[in-house]
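The values are calculated or read from the model by the stated rules, or taken from the named source; none is laboratory data. Remember, it's a predicted structure, so these values are computed and weren't measured experimentally. Counting neighbours? That spans all protein chains shown, and the Cβs are built from the backbone with ideal geometry, glycine included.
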């Protein structure tokens, strides 16, 4: 992408830049694919970006706006306003299909249910959490908390590999 003038930049171009910003905890997925970019608006050369944290205690909460400003600065865009939006709260339902594929390829099983499912945080029937490596549903919950609080630790009973499950919320 060429240098962009903020007086001529479109929302689509800003979104394309944001698609290059990785999540600090899961660098294979962009903040756009993760679904935390809520709104991009360009009005009279002023850029406004709304972001939703994945949860209130997310350690990347302060880092993501810095990464967004750095990505925009590569195109001499220095006037963006970033606002954290917490209502409605972020949900794993907002992870894109491409993002889910990227998580699986990275070895993290994406959420297996919609958040409207009352047992979606961690399914009571652990056998519905497939292994991201071999696809087996013969898996066992090791811990309700994995490498980060938003993930649970599982083990595949077929290929014996441990893996994280991105909990629904």
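To keep it simple, each residue is scored yes or no on (1) within 14 Å of the chain's Cα centre (by Cα); (2) surrounded by fewer than 17 Cβ atoms within 10 Å (Cβ to Cβ); (3) modelled with pLDDT under 95.
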site	(1), (2), (3)
12	no, yes, no
20	yes, yes, no
43	no, yes, yes
77	no, no, yes
87	no, yes, yes
Restrict the check to the stretch 56-73 and report whether at least one residue is part of a strand (DSSP E or B), in contact (Cβ under 8 Å) with a residue 60 or more places away in the chain and in contact with a helix residue (DSSP H, G or I) (Cβ under 9 Å, 6 or more places away or on another chain). no
Scanning the stretch 22-41 residue by residue, the ones that are assigned to a loop (DSSP other than H, G, I, E, B) and either in contact with a helix residue (DSSP H, G or I) (Cβ under 7 Å, 6 or more places away or on another chain) or surrounded by 13 or more Cβ atoms within 10 Å (Cβ to Cβ) (or both) total 12
The lone exception for residue 110 - which of (1) assigned by TED's automatic domain parsing to the domain that holds residue 134; (2) out of contact with any strand residue (DSSP E or B) (no Cβ under 9 Å at 6 or more places or on another chain) it fails: (2)
For the stretch 75-90, which residues satisfy the criterion of being out of contact with any helix residue (DSSP H, G or I) (no Cβ under 8 Å at 6 or more places or on another chain) and in a loop (DSSP other than H, G, I, E, B)? 76, 79, 85, 86, 87, 88, 89, 90
So, in the stretch 91-100, how many residues would count as being more than 13 Å from residue 26 (Cβ to Cβ) and assigned to a helix (DSSP H, G or I)? 4
